[in-house]
Each structure stands twice: as C-alpha cells, then as structure tokens.
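The values are calculated or read from the model by the stated rules, or taken from the named source; none is laboratory data. In this text the structure is predicted, and so the values were computed from the model without any measurement. With ideal geometry, Cβ positions are generated from the backbone for all residues, glycine too; neighbour counts draw on all protein chains shown.
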C-alpha cells in the first residue's frame, strides 16, 4: 500500500505498530507498518522522526516531493551503503571492455522494449523501417573500454530509434493533446510536460533500486560521467 500525503496540514505519525495520518488533530487513517511499501510526503505536510525511523526499519520507500509531485529527496538506510565491493567492481567495469558491453546491453534492451510497445499498439515496428539501423549495428561497436567516442556512436544510434518511436506514438494521442515532437527541457505543451514529470517520478524509483543494489548512483555506462 502507498501512503500519499498531499492535503495541506496532514501529519504522519505512529502508534505501537501502525502509521497514523492526522489532520487538525483528527486521526484520518491508521495503517500497519507491514502493509506499507511507499510513503510520499509533500512540502505542505509534516512527518515525525518516529515515522521515518519505522519506515527505514521496514525498508519502506520514502520520497519528499514539491507541491506539483516532483521528487526532491529519498530516505534510505545507512545499511544501503554497505557492500563496497559491488561499487568497486562497477568502477573497474567502467574502465574495461565490460563497461562497453554493459552500455550496449542497456541500449539493446531499451530498443527491444520500445519495439514491443510499437507492436502492442499496432504501429510500424523498427524492423519494418529499412532506414533505421538494426541491433547488429549496436553489437558490432567494439573497443577495449567505453570511451566518449564510442558513447557518442551509441547515442547516435539510439537517437534514430527514439525519433522514430515518438513519430509513431504521438499520432495515437487525441488531437487536443497531440504534439509534433518530443521536447524535454523548457517544454510548453501539456503532453511533453506530462512526460517530463513522469520521468522525474520514475527517476527516484530507479535511484532507490540502485541504492538497494549497492550501486554507485551516478557512475553510468551509457551516459557520460558529468554533473547530473
């Protein structure tokens, strides 16, 4: 079960074995700790340290958001930082051929998932477009390690698939919501803004999963090692 604190003035506290949601001194709901897997707290709410502690003990995801739902921070246990060996191996892989293989695997799986999405909605799939590259073009990218040059090559291949994907999917939208192209930063169309917010919400779930897997969050293989 997910606890979402979105109404102004709500308070999240605890009793002996449950979370309790209160507003204006009145208890609105009580939920046993073991029934909760996620807590979302907005800026207009308050939460007790006891509630945060029990969430950590029960391994419950906690995210703090802006009033519009954009995630700002997540809570995780200090135990999540154990197993340094995993992160050391992650750094070693980045400097070896394995880093390139990981980057290629990520991209290939992404393309396969997108292709399945196109087929699900009866759109023209990737292999039906002869102008697109194919999986073999990605598999043949070789090197002793992942370099900026090879990363740009992979990104160029990915971009061709992404443009085609949006071109196939956007016409499925109703006319009043339809857009001509995907815009990330500084988007003004409602649908592009909705996609951007969705990616923001998805990001914290990915970060949480990486933390639980004992991975270094920002040492990626398919993207550059840079701020953000």
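Of all residues being farther than 10 Å from residue 223 by Cα and without any contact (Cβ under 8 Å) to a residue 24 or more places away in the chain in the range 143-155, which is surrounded by the most Cβ atoms within 10 Å (Cβ to Cβ)? Just the residue, please.
Once the filter is applied, the top-ranked residue is 153.
What are the residues in the range 75-111 that are under 28 Å from residue 39 (Cβ atoms), modelled with pLDDT under 90 and surrounded by 15 or more Cβ atoms within 10 Å (Cβ to Cβ), if any?
If the condition is that a residue be under 28 Å from residue 39 (Cβ atoms), modelled with pLDDT under 90 and surrounded by 15 or more Cβ atoms within 10 Å (Cβ to Cβ), then 75, 76, 80 are the ones that fit.
Please determine whether any residue of the range 112-125 is more than 30 Å from residue 11 (Cβ to Cβ), part of a helix (DSSP H, G or I) and at pLDDT below 90.
no
State which residue pairs qualify: first residue at positive phi and inside the range 129-140, second residue in a helix (DSSP H, G or I) and modelled with pLDDT of 90 or more in any location, beta carbons under 9 Å apart, and separation of 6 or more residues or different chains.
Partner pairs satisfying both residue conditions: none exist.
Could you check how many residues of the range 127-165 are touching a helix residue (DSSP H, G or I) at 6+ places or on another chain (Cβ under 8 Å), part of a helix (DSSP H, G or I) and more than 30 Å from residue 96 (Cβ to Cβ)?
Count: 3.
Within the range 39-47, can one find any residue that is at pLDDT 85 or above and not in a strand (DSSP E or B)?
Yes - at least one qualifying residue is present in the range 39-47.
Identify, please: which residue in the range 88-111 is within 21 Å of the chain's Cα centre (by Cα) and without any contact (Cβ under 8 Å) to a residue 12 or more places away in the chain and is, among those, farthest from residue 167 (Cα to Cα)?
Checked the range 88-111; the qualifying residue farthest from residue 167 (Cα to Cα) is 105.
Can you spot a residue in the range 9-19 that is outside the structural domain of residue 197 (by TED's automatic domain parsing) and closer than 27 Å to residue 225 by Cβ?
No, the range 9-19 contains no residue that is outside the structural domain of residue 197 (by TED's automatic domain parsing) and closer than 27 Å to residue 225 by Cβ.
Just to be sure, is residue 103 touching a helix residue (DSSP H, G or I) at 6+ places or on another chain (Cβ under 9 Å), outside the structural domain of residue 147 (by TED's automatic domain parsing), part of a helix (DSSP H, G or I) and within 21 Å of residue 213 (Cα to Cα)?
Spelling it out, it is not the case that residue 103 is touching a helix residue (DSSP H, G or I) at 6+ places or on another chain (Cβ under 9 Å), outside the structural domain of residue 147 (by TED's automatic domain parsing), part of a helix (DSSP H, G or I) and within 21 Å of residue 213 (Cα to Cα).
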